[in-house]
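The values are calculated or read from the model by the stated rules, or taken from the named source; none is laboratory data. The structure presented is a predicted model; accordingly, all values stated were derived computationally and were not measured. Virtual Cβ from ideal backbone geometry, glycine too; neighbours counted across all protein chains shown.
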Amino acid sequence: MSGPRLVRLSESIVEIVSDAGEGAQKAAVSFAQVCAKAGNGLWTVEIIPSEIQPPPHTTGSASGNRIRLSEKSPVTNVGNLADVVLAFNEMALLSRYEAGTVADDALVLIDDQWAEHDIESYRKSYREVLEMVRKSGGTVIEVPLEKETLKHVDNPQRGKNMFAVGLLCALYNKDIEIAKEVIAGVFKKKKQIVIDTAVKLAVAGFQYGLENLETRFEVPAIPTDVPKVAMNGNTALAMGAVAAGFDLCSMYPITPATSASHVLSEIFEDFGGFVHQAEDEIAAIGVALGASYAGKTALTITSGPGMALKTEFQGLSVMTETPLVIVDVQRGGPSTGLPTKIEQGDLLHALYGTPGDAPKVVMAASTIEECYYILSVAKKIAEEFRMLVIVLSDANLATGQQLFTRPDVSKTPRRPPLDLSPVPEDTLPYDWDSQTGLSNRLIPGQPGGMGVITSLNHDRNGKACYDSERNQRGHQMRSRKLAALQQSLNPPAIHGEPEGDLLLVGWGSTKGAIEEAVDMAREEGISVSSINIQFLSPLPPGLKKIFSRFKKVMTVELNYSDDWDDPLITEESRRYGQLAWVLRAAVLMDIDCYAKVPGRPLMPVEILDEIKNQLNGKGGAVSGKEPIDEPQPATTNS
Amino acid sequence: MSSIIQECLDESCAIHSHTLEDYQSEIPRWCKGCGDHGVLASLQRVMRKNNVDPENVVTVSGIGCSSRLPHYLKTYGFHGIHGRALPISTGVRLARPDLKVIVTMGDGDCFSIGGNHWLHAVRYNINAVVLVLDNEIYALTKMQVSPTTPVGQRTNTTPRGSSLQPMNPIGVVVGMTNVSFVAQTATWLPAHLDETIERAWEHKGLSFVRILQRCPVFMPEAYGEGGLNFPVTFLENEDGIPIHPGLLKRGPAQAHNQRNIDQALSVAAKVDPAPMGLIYHNPDLPTYEEIRVQHAKRPDHETFINRLDNLMDRYAV
């Protein structure tokens, strides 16, 4: 052996998986921080089961993280197939192959304890899975993860993950001193002995890696003077809510939205706000609406099932023109669906879910960085237009980490105190401007402004009325606000050329993967461009003009759509992806969709494949192969 | 000091003294003989007596006949949606502890569709006067069975007579953790109603008042045809609701210590005769808004920026 080989890469994707509770998540978060501190561009995605303690040693128990690290920043999406997998057992590893996220020639590091384990079925499945990996072209390195960890601690369940951090630092040629700092930070609330043990294990893993890995990688970071931060989208939402000047977050626990409230609960009171955990989703929005009516700005954070419960209050916000911001961190649906995984299936619900005609603003964050800024915009629109603003995020943004330019908090606007000055006795609660529908709102405490706001149809006086003329007028005034807002929006920026063979249209967090796919295609000489729609209601101006310069327009979305090849599917019966549905109605053009629901973010390569299929005239075929119901492998707690 | 002298003093000395008209808005559109009229008048009298600035009062309601009350009271009013008056009120109090909040709901509104909010609002103990106008029927939707409808009552959804025992809402509230004020009164006892709302107004915390009243259109037989034939017991205590001698024609008085939760639970369990007066009172419990707001003090702009910047350091790489 002529010493280890150091291979230089511009980027690499590594997945770290264990049984739930074995700490692969913590290992991955720690390693991601090491990479971030080294200056690497970064995007991470959680691999997370829906249960806290699923049966161990099954594919369903796999828990961990995918990290895409790059020499460049920002990284805008999860990337393609994983180059490296570090697995604590073969079932966790198998789950990644089943998810179709691992490259054929991947490097697999796996704990070797299962090779000679007491349980025969484990030995067997370990052999079989490793054989499968090798057959498909992968390289397997068996690592004595458990054995080495046992040299330092009695319970390897609590420590293997730190050994793994050290091993990854060796594999990616990272500075172990940075890892020590990071680990001390990760365990800062624990006793010193816990920190010392964790550091010792990481150093042991690092040492093992240096001595035993024949090939090691280096993903150098391009140096930059721009200060950066790394956080997940829910943290960015929480920080953004504080910066935007919100006073109250009223919520009810729901995956994957809740962690934003965890962050807010910890920090909000230092800024004069607080989190109210209500008795249910309905009360959560009701409390926010009441606070907003009384003059403070409030938001509520939820996910799909919670959105469903909030619809009546959404209507009340619209009808009474009480400003309100709702954040919907989307997950897979319908019903409980895939609570920890991504889908974009709440778009139509956000737009049209409220009974009655209920015009409202719907906007979406497309990156973790945008999660920070979007609430300032949402709050401003809600207050200036007296409107309900729904902000859509998703499970990918919520739990993924991204490195982005540190926001300049010194620009946070000063907030004026509540204006409770008297108004003339005849001031109307809905003094609509007949052009724009806009009106000034009265705040309780303002002398002269006493009057009722009601969920019933009402006139400019706020009085309930039932006649057709004033019903028509009320609808018109509430609707015109959207048209007025649309006037202030810019047409979406086009990624690529403003004309060509194919235009991809996306919204939300698929932006990075779509643009990366477009870049790859354009390098191959394919005439394709893309846009990302930030405002879903009102839609931005200029869409029809943009669409008309392309031979074909197609949405790319994490939603279900019938495949053209499916039995019974015709032009009349096909259900399109939700964005395609909206756009077809808005521009009266034939817009196709590449829509599927894999429960994970889209990879640029799969979009690239679809681009090629489309231009070869074979598009739209989303693989809908029937899953095979395989017997679950033996578990220890059957 | 007698109230007449006090009123004369108010009118001659105070510049901001309010008249009843200051609290009157539209002419109510309730049916003739509806108890809601009495509750509205009583509220207006209590507000005038306390000389409240109407702009500092928010009246919140749900949906139903009684929930139209904010339209007829000249304060800030929020006529919301069915069952959800209490979450809105909680939001108002959390945002603006300087505002006085009145909540009016019906029996279906509070005990049925808003049941979860009702229980939790009692536990939060927000500072609000919460009036449930209980006529034992869904009236605005035209006579459906409500949680308090007597067993056997024919309604449009129980044409052969309602089959379930009615709920005892007083028992539910007194059994709820953190309860601080529970009273029961009736619209056919106007002086008792005034005194009860007055005591509820003075209490710091959630004052839960169940007001018994009949619906002259759909439930005229409620409560023994509006009290004519309805057995009651008046709870007597020097800190409770005064029992004017005329009331004793309606039912006997019974000594009761409303500060004692065991006595209150025992009284709350009885429905026949119905206990009238202050059933439970604990004036010393902190309100939810006091608890929450004390930790959340908005810093000046510079401190705000510095804190946000320090927070950002946590995520700096």
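Of all residues in the range A:20-75, those satisfying the criterion of being assigned to a strand (DSSP E or B) and hydroxyl-bearing (Ser, Thr, Tyr) are A:44, A:63, A:70.
In this structure, residue A:300 does not qualify as assigned to a loop (DSSP other than H, G, I, E, B) and of a type in the set (S, T, N, Q). If only residues of the range A:585-622 that are over 23 Å from residue A:346 (Cα atoms) and modelled with pLDDT under 60 are counted, the one that is surrounded by the fewest Cβ atoms within 10 Å (Cβ to Cβ) is A:621.
Evaluating residue A:535 against the criteria (1) on the phi < 0 side of the Ramachandran plot; (2) touching a Gly at 6+ places or on another chain (Cβ under 8 Å); (3) touching a residue at least 40 places away in the same chain (Cβ under 8 Å) leaves one unmet condition, (2). Within the range B:270-283, residues that are closer than 16 Å to residue B:186 by Cβ reach partners that are of a type in the set (D, E, K, R) with beta carbons closer than 8 Å, at six or more positions or on different chains, in the pairs B:277/B:236; B:278/B:199; B:278/B:239. Among the residues of the range A:344-365, just one is of a type in the set (Asp, Glu) and either buried (at least 24 other Cβ atoms within 10 Å of the Cβ) or on the phi > 0 side of the Ramachandran plot (or both), namely A:346. From the list B:186, B:200, B:128, B:191, exactly one residue is under 21 Å from residue B:45 (Cβ atoms), surrounded by fewer than 16 Cβ atoms within 10 Å (Cβ to Cβ) and touching a residue at least 24 places away in the same chain (Cβ under 8 Å). Which is it? On inspection, the qualifying residue turns out to be B:191. Scan the range A:395-405 and give yes if some residue there is surrounded by fewer than 16 Cβ atoms within 10 Å (Cβ to Cβ), outside any helix (DSSP H, G or I) and touching a residue at least 40 places away in the same chain (Cβ under 8 Å), otherwise no. Yes, there is a match, as at least one residue in the range A:395-405 is surrounded by fewer than 16 Cβ atoms within 10 Å (Cβ to Cβ), outside any helix (DSSP H, G or I) and touching a residue at least 40 places away in the same chain (Cβ under 8 Å).
Filtering the range B:53-92 to residues that are more than 13 Å from the chain's Cα centre (by Cα), more than 7 Å from chain A (Cβ to nearest Cβ) and farther than 24 Å from residue B:292 by Cα leaves B:53, B:63, B:64, B:65, B:68, B:72, B:73, B:82, B:83. For the range B:201-219, state whether one or more residues are hydroxyl-bearing (Ser, Thr, Tyr) and farther than 27 Å from residue B:143 by Cα. Yes; the residues of the range B:201-219 include at least one that is hydroxyl-bearing (Ser, Thr, Tyr) and farther than 27 Å from residue B:143 by Cα. The lone criterion from (1) at pLDDT below 95; (2) facing chain B (nearest Cβ under 7 Å); (3) in contact with a Ser or Thr (Cβ under 7 Å, 6 or more places away or on another chain) left unmet by residue A:226 is number (2). Restricting attention to the range B:260-317, report how many residues are among the polar types (S, T, N, Q) and either over 23 Å from the mean Cα position of the chain (by Cα) or within 14 Å of chain A (Cβ to nearest Cβ) (or both). Qualifying residue count, the range B:260-317: 5. Quick check on my filter: what residues within the range B:90-107 are more than 27 Å from residue B:142 (Cα to Cα), in contact with a strand residue (DSSP E or B) (Cβ under 7 Å, 6 or more places away or on another chain) and touching a residue at least 40 places away in the same chain (Cβ under 8 Å)? Selection gives B:93, B:94, B:99, B:100, B:101. Of the listed requirements (1) closer than 30 Å to residue B:204 by Cβ; (2) in a loop (DSSP other than H, G, I, E, B); (3) at pLDDT below 95, residue B:286 misses just one: (3). Return a yes/no flag: does the range A:413-432 have any residue that is among the aliphatic types (A, V, I, L, M) and in contact with a strand residue (DSSP E or B) (Cβ under 6 Å, 6 or more places away or on another chain). No, the range A:413-432 contains no residue that is among the aliphatic types (A, V, I, L, M) and in contact with a strand residue (DSSP E or B) (Cβ under 6 Å, 6 or more places away or on another chain). Of the strands (runs of 3 or more DSSP E) that lie entirely inside the range B:177-271, those containing 2 or more residues that are over 20 Å from residue B:104 (Cβ atoms) span B:232-236, B:253-255. Looking at A:305, A:359, just one residue is in a helix (DSSP H, G or I), away from chain B (no Cβ under 14 Å) and touching a Ser or Thr at 6+ places or on another chain (Cβ under 8 Å), and that residue is A:305.
Report yes if some residue within the range A:276-287 is in contact with a Gly (Cβ under 7 Å, 6 or more places away or on another chain), crowded, with 24+ Cβ neighbours inside 10 Å and at the interface with chain B (Cβ under 7 Å from one of its Cβ atoms); otherwise report no. Scanning the range A:276-287 turns up at least one residue that is in contact with a Gly (Cβ under 7 Å, 6 or more places away or on another chain), crowded, with 24+ Cβ neighbours inside 10 Å and at the interface with chain B (Cβ under 7 Å from one of its Cβ atoms). Selection within the range A:190-221: residues that are assigned to a loop (DSSP other than H, G, I, E, B) and away from every other protein chain (no Cβ under 14 Å). The member of this set that is surrounded by the most Cβ atoms within 10 Å (Cβ to Cβ) is A:219. Can you confirm whether the range A:492-511 contains a residue that is more than 13 Å from every other protein chain (Cβ to nearest Cβ) and within 30 Å of residue B:60 (Cβ to Cβ)? Looking through the range A:492-511, none of the residues is more than 13 Å from every other protein chain (Cβ to nearest Cβ) and within 30 Å of residue B:60 (Cβ to Cβ). Among the residues of the range A:540-567, the ones that are of a type in the set (Phe, Trp, Tyr) and in a strand (DSSP E or B) come to 1 in all.
Results for (1) within 42 Å of the chain's Cα centre (by Cα); (2) within 10 Å of another protein chain (Cβ to nearest Cβ), shown as yes or no for each residue.
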| site | (1), (2) |
| --- | --- |
| A:426 | no, no |
| A:449 | no, yes |
| A:453 | yes, yes |
| A:457 | yes, no |
| A:466 | no, no |
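Among the helices (runs of 4 or more DSSP H) confined to the range A:78-182, the ones with at least 2 residues that are under 33 Å from the mean Cα position of the chain (by Cα) and of a type in the set (Val, Ile, Thr) are located at A:120-135.
Would you confirm whether or not the range A:301-312 contains a residue that is of a type in the set (A, V, I, L, M), surrounded by 21 or more Cβ atoms within 10 Å (Cβ to Cβ), at pLDDT 95 or above and under 17 Å from residue A:379 (Cα atoms)? Among the residues of the range A:301-312, at least one is of a type in the set (A, V, I, L, M), surrounded by 21 or more Cβ atoms within 10 Å (Cβ to Cβ), at pLDDT 95 or above and under 17 Å from residue A:379 (Cα atoms), which makes the answer yes. For the range A:568-577, state whether one or more residues are in contact with a strand residue (DSSP E or B) (Cβ under 7 Å, 6 or more places away or on another chain), part of a loop (DSSP other than H, G, I, E, B), under 25 Å from residue A:342 (Cβ atoms) and not hydrophobic (A, V, I, L, M, F, W, C). There is at least one residue in the range A:568-577 that is in contact with a strand residue (DSSP E or B) (Cβ under 7 Å, 6 or more places away or on another chain), part of a loop (DSSP other than H, G, I, E, B), under 25 Å from residue A:342 (Cβ atoms) and not hydrophobic (A, V, I, L, M, F, W, C).
Against the criterion of being modelled with pLDDT of 95 or more, of a type in the set (Gly, Ala, Ser) and on the phi > 0 side of the Ramachandran plot, residue B:226 does not qualify.
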